[in-house]
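J.: To start, I am sharing the structure in question, which I have written as structure tokens.
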Amino acid sequence: MYRQVVKNSARWTALFLFLTSMNFAVAQSQSDTGKGDDKSWRLERDGIVVEFNAKPNSQQSKIREGEYADLSFRITDAQSGQPVRGIYPAAWMDIGQAWNRRGEDKPMTCKQRVGMYLQGNVGMRPMVDLNSYFVLVMNQDNTISVIDPIVGISGITKLYGLINLKRPGADWAKSSDEKLMYVTMPTIGELAVVNLENFKVVENIPAGEVPTRVSIQPDGKYLWVANNHRDAKKSGVTIIDTDTRKIVGFVATGNGHHELTFSGDSRFAYVSNRRSGTVSVVDVQKLKKLRDLKIGEQPISLAYSAMSQSVYVADGQSGKISVIDTKNNKVVKTVTAKQGLGPMRFSQDGRWGMAVNTLEHVVYALDASNNTIAHTIKVEDKPYQVAFSRAFAYVRSLDSERVSMIELAHLGKGKIPVITFQAGPVAPGKVNDVSIADNIQETPGEAAVLVVSPGDNTVYYYMEGMNAPMGNFRNYGHRPRAVAVADRTLSETHPGTYTATVKVPASGIYDVALLLETPRIVHCFEMAAEPNPELAPLASLPASVEYQVAADRRVQSSDKMHLRFKLIDADGKTPLSDLKQVRVRYYRAPGQDRREVSAREVEKGVYETELNLAKGGAYYVYVSAD
């Protein structure tokens, strides 16, 4: 039996399986003897230099348990000194105590433990995984749900926390360092500032009359809030300094709903005025309006392309897309489509712009290299939102519960296939108060997206290439409107510098393990965390689960693997029987093929479910009970 402690019902606990059809290994260089230089925290190997740094994310002079720390890896070429950009390093953080393998007396090295992390072998998981993220769900009430999509063995439920706002939010914008989220609250004229490290509102600041859209200019200096007031003198944009969180200016731009975008160099801000039929160009340095460009009758969407360095304006009434050159701020071309244009977005490389047409039930693919419509693509009824991953455009429709997918690699090559998948049982248009904020979000480091379904209070997880969502996250009684992520993975904040902010779970000496794929490097740096006298001791854990699997937890790959487990009460003896809902979630390391299934009681306190383990690898299996 394999036994694991859980806190209480509606919590998760983990089992680790690996299949005999695939063998995992981590290569170890003979020159790699363990930790780096404790003084310099610097490693040079295979033409690569890695410099590690850790510091407290507070006014404290030392890193302490229960508080946040900023970690960074600066990776450069050893010969040229140039930063190594665009890679995806993996990292883990764990107490550097000696672990022994089963049946062996020789302690495991940090690099051997990295191999176990990749396998999920023998129940060994790091205390901090720097390859994860949290899901943020804006709700129709005055809350934001925080969901942990990959639950650790500590027994935390998927609902990690709940952020309480003063009023319901309308739109949000996240700082580039992933530390703050700004949420507009139109009914009270304020902006909530949410700390994404502890998921708490740290401040509510004035944001003008009826603040709705919000966006941060590319260099991060100013936060721009669109004010949708009926009075023309109060309708425009409020500009807030992100360092001081103080209003530094207001520019009246025109009547109607406002959309926002910027030039790539942050010199100009562009504000649409739907009722006035204009787009205002604002000088960012002077915080003054330069001019109003007459666009049409109903400029409904703005989008910037880094490829063409132009702003594109979709007019819903005329069905035309105006192209504004950001160098001279003049309309240089008008592209004709049809009446009914809606939101428009560009792919991450700036090449393809997707503009939906709600009346025609199509999406136009505009090529920024020549400013022409390359394709008119039929999608589900009444498309109203578009989002991008690196490989696909996703289109959400008001009158369909299905999401349309367009593979970017097919664009420019003739007929475009459209793939659809169902995200919930109810079309978004059948639910009141459709959000202007995005309800589709790409997940960090994965070929996957999150899709909001207000009709069943659920966020669906869709892995690209599948014919249905891989799993879902319940929203616990709250109706979701939009989705975003708080990225905990290592991100490239400066060229060649990869950083993350972590909460230190305990005091001690940590091994901070870094894995690079090319060149293949596994190395462990060292970090110390001081005890924190302000923290209370952890409570005892009242329940446990026993997995009825082989002692070494090796199984043959199969489409149908029957898993049994026993749930036991706090006394360690009494079976927990007749539970209303027992769920099992599992995925293949490092986060692939995620699924969630129900388990049924086959004996008193013993539950069974069927897992699909068709692919070889290491699997993580989680159990929850209500």
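J.: Return a whole-number percent for the relative contact order of region 489-531, with Cα pairs under 8 Å and 6 or more residues apart as the contact set.
T.: Reported relative contact order: 33 percent.
J.: Let me check the size of region 203-278 from its C-alpha atoms; what are the radius of gyration and Dmax in Å?
T.: For region 203-278, the Cα radius of gyration and maximum Cα-Cα distance read 11.7, 35 Å.
J.: Order MET307, MET466, most accessible first, counting only protein heavy atoms with a 1.4 angstrom probe.
T.: Most to least solvent-accessible, the answer reads MET307, MET466.
J.: Right, something else. Any idea what the dipole of region 411-456 comes to, in debye rounded to 20, about its Cα centre with Lys/Arg Cβ at +1 and Asp/Glu Cβ at -1?
T.: 340
J.: Would region 380-443 count as rounded, prolate or oblate if I go by the C-alpha gyration tensor, calling it rounded below 1.5 in a/c and otherwise prolate when a/b exceeds b/c, oblate otherwise?
T.: Prolate is the answer for region 380-443, as a/c is 1.5 or above and a/b outweighs b/c.
J.: Using only Cα atoms, find the angle between the long axis of helix 110-119 and the longest principal axis of the chain, and express it within 0 to 90 degrees, rounded to the nearest 10.
T.: Roughly 70 degrees between the two axes.
J.: For every other residue with a beta carbon closer than 12 angstrom to the beta carbon of PHE250, add +1 if it is Lys or Arg and -1 if Asp or Glu, then tell me the sum.
T.: Residues near PHE250 contribute +3 overall.
J.: Sticking with this one: Please report the spacing between the Cα centers of region 160-226 and region 444-497 in Å, no decimals.
T.: That distance is 20 Å.
J.: Once R0 is set to 30 Å, what does the formula 1/(1 + (r/R0)^6) return for the Cβ-Cβ distance between THR372 and ASP283, expressed as a FRET efficiency to the nearest 0.05?
T.: Plugging the Cβ-Cβ distance into 1/(1 + (r/R0)^6) gives 0.45.
J.: Given N residues in the chain, what is its alpha carbon radius of gyration divided by 2.2 N^0.38 Å?
T.: 1.02
J.: For the chain, build the charge dipole from Cβ charges (+1 Lys, Arg; -1 Asp, Glu) around the Cα centre, then report which of ALA528, VAL193, ILE373 sits farthest towards its positive end.
T.: ILE373
J.: Then there is this: Roughly how many Å is it from the Cα centre of region 294-320 to that of region 326-388, as a whole number?
T.: Distance between centres, Cα-based: 9 Å.
J.: Compute the accessible area per residue over the chain, keeping the other protein chains in place, probe 1.4 Å, unit Å².
T.: Per residue, the chain has 43 Å² of solvent-accessible surface.
J.: Counting alpha carbon pairs within less than 8 Å and at least 6 residues apart, what relative contact order, in whole percent, applies to the chain?
T.: So the answer I get is 17 percent.
J.: I would also like to ask the following. For the chain, what does -39500 (n - 2.57) per DSSP helix run (n ≥ 4), summed and divided by total residues, give at 222 nm, in deg cm²/dmol to the nearest 500? Display every interim value, and only then the final one.
T.: Numbers: 1 runs with 10 residues, N = 626.
Helix-only estimate at 222 nm: -500 deg cm²/dmol.
J.: Ok, one more. Round to a whole number: what % of the accessible area of the chain belongs to carbon and sulfur, probe 1.4 Å?
T.: Values: 12480 of 27130 Å².
Carbon plus sulfur share of accessible area: 46 percent.
J.: Ok, one more. Taking the Cα centre of the chain as origin, sum charge times position over the Cβ atoms of Lys and Arg (+1) and Asp and Glu (-1), and report the length of that vector in debye to the nearest 20.
T.: About 940 debye.
J.: Show which lysines lie in cross-link reach of LYS294 when reach means a straight Cα distance below 23 angstrom and same-chain residues fewer than eight apart are skipped.
T.: LYS233, LYS234, LYS286, LYS320, LYS327, LYS330, LYS333, LYS338
The values are calculated or read from the model by the stated rules, or taken from the named source; none is laboratory data. Because the structure is a prediction, the values reported are computed rather than measured. Note that each Cβ is placed from the backbone with ideal geometry, even for glycine, and that neighbours are counted across all protein chains shown. All accessible areas refer to the heavy atoms of the entire protein, side chains included, with ligands and DNA or RNA removed. Shrake-Rupley method; radii C 1.70, N 1.55, O 1.52, S 1.80 Å.
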